[in-house]
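Novice: For reference, the structure I am asking about is given below.
The values are calculated or read from the model by the stated rules, or taken from the named source; none is laboratory data. Just so it is clear, the model here is predicted, and its values are computed rather than measured. Here Cβ is always computed from backbone atoms with ideal geometry, including for glycine, and neighbour counts include all displayed protein chains. Remember, those area values only see protein heavy atoms, side chains included, never the ligands or the DNA or RNA. Shrake-Rupley method; radii C 1.70, N 1.55, O 1.52, S 1.80 Å.
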Amino acid sequence: MTSQVALDPRFELPAELAIDTAVARRVIGEFIRTQLAQAGFERAVLGLSGGIDSALVAYLVADAIGADRLLCILMPYRTSSPESRTDADAVVARLGCPSELVDISPMVDGYFQGGAADGPGADEAAPLRRGNFMARMRMAVLYDRSVTFGGLVVGTGNKTESLIGYTTIFGDNACAFNPIGDLYKSQVRQLAAALDVPDAIIRKAPSADLWPGQTDEAEGSFSYPVLDRILYWLIDRRRRPDEMAELGFEPGVVARIERMVAASEFKRQVPPIAKLGPRTAGVDYLYPRRRPGSART
């Protein structure tokens, strides 16, 4: 898809990653409506962090089914950035969708302060362990509220994060369906700009907000525009390492990205099942989500 607009000066968008935002918006909107209909739902629930990914998904879902059918849940931890709450509130205000605030601090602190964090290496692993636990607590909240609100949980992870494994399995990568899972971070920014997501959200450094001052690019030692280009040529265009060098990419960086993609493959697949019977769920017993006799009551 080629872009309908000039490259936005607010962010660096590699030319080869430019998309037709009108087409993307139309395709994703139909995808959202279809996924809900196939599962027998009319509502959706998502975790709104104040970051660009969840903000964009909120805009897309509201655009597809109406803001009144979308519940956005804000789930800060006590060390979360105040700006994240401000930006999330701005999205809710613009969309006019229902929202709730759930402070996950008591859940997370209750687990770690109860002695569960004890053990060899616990001190140095604490930030990462806490971050992963926070992500899983947030998903637990979303799935609980999906029952009471009657809506499917919508994913907010992008293609870049998925490919390099920058996700928490059964945490932020858990969902019923994902509207932006095939958009690189650079493309997320472009579509967000086209949908008029608040400028403060588009401009700020991407962060999982797992601890004070944490940013994606600093933690992973990468630049999203460069990372997106490498992934695009490696994955979408299937270029070999020698061809990547000819395109101007540093071989060591390409090799590192290849290792990250390979090492995180388990996060992108459903758990394997040992096949014993003639038909195995998820292997050779496969049906669409919506099939005759599956009507919700």
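Novice: Show the residues, 5+ positions off or on another chain, whose built amide H is closer than 5 Å to the amide H of Arg43.
Specialist: Distant-sequence amide H within range of Arg43: Leu152.
Novice: For the range 132-211 and the range 32-63, write down the distance between their C-alpha centroids in whole Å.
Specialist: Distance between centres, Cα-based: 10 Å.
Novice: Separate question: Report the calculated FRET efficiency for Arg33 and Arg203 (r = Cβ-Cβ distance, R0 = 25 Å), to the nearest 0.05.
Specialist: Given R0 = 25 Å and the Cβ-Cβ separation, E is 0.20.
Novice: Which whole-Hz couplings ³J(HN,Hα) result when phi for each residue of the range 271-281 is put into the Karplus expression 6.51 cos²θ - 1.76 cosθ + 1.60, θ = phi - 60°, listed in order with x for Gly and Pro?
Specialist: Taking θ as phi minus 60°, the curve returns x, x, 10, 5, 7, 10, x, x, 9, 10, 4 Hz for the range 271-281.
Novice: At what distance in nm do the modelled label points of Phe112 and Asp182 sit from each other, each positioned 7 Å from its Cα along Cα→Cβ?
Specialist: 3.8 nm
Novice: Given a 1.4 Å probe and heavy atoms of the protein chains only, how would you sort Ser186, Ser162, largest accessible area at the top?
Specialist: Greatest to least solvent exposure: Ser162, Ser186.
Novice: Within the set of other residues whose C-beta is less than 12 Å from the C-beta of Gly252, count the net charge using Lys and Arg as +1 and Asp and Glu as -1.
Specialist: Result for the neighbourhood of Gly252: 0.
Novice: Can you send over the solvent-accessible area of Thr34, 1.4 Å probe, protein chains only, in Å² to the nearest 10?
Specialist: Surface open to solvent at Thr34 totals about 50 Å².
Novice: How large is the accessible surface of Glu12 in square angstrom, using a 1.4 angstrom probe and rounding to the nearest 10?
Specialist: 120 Å²
Novice: Using the Karplus curve 6.51 cos²θ - 1.76 cosθ + 1.60 with θ = phi - 60°, work out ³J(HN,Hα) for each residue of the range 126-135 in order, rounded to whole Hz, and write x for Gly and Pro.
Specialist: Result, ordered by residue: 3, x, 5, 4, 4, x, 5, 5, 4, 4 Hz.
Novice: May I pose another question? What do you get for chymotrypsin sites (Phe, Trp or Tyr not before Pro) in the range 143-187 restricted to DSSP loop and a cutoff of at most 15 other Cβ within 10 Å of the site's Cβ?
Specialist: Phe170
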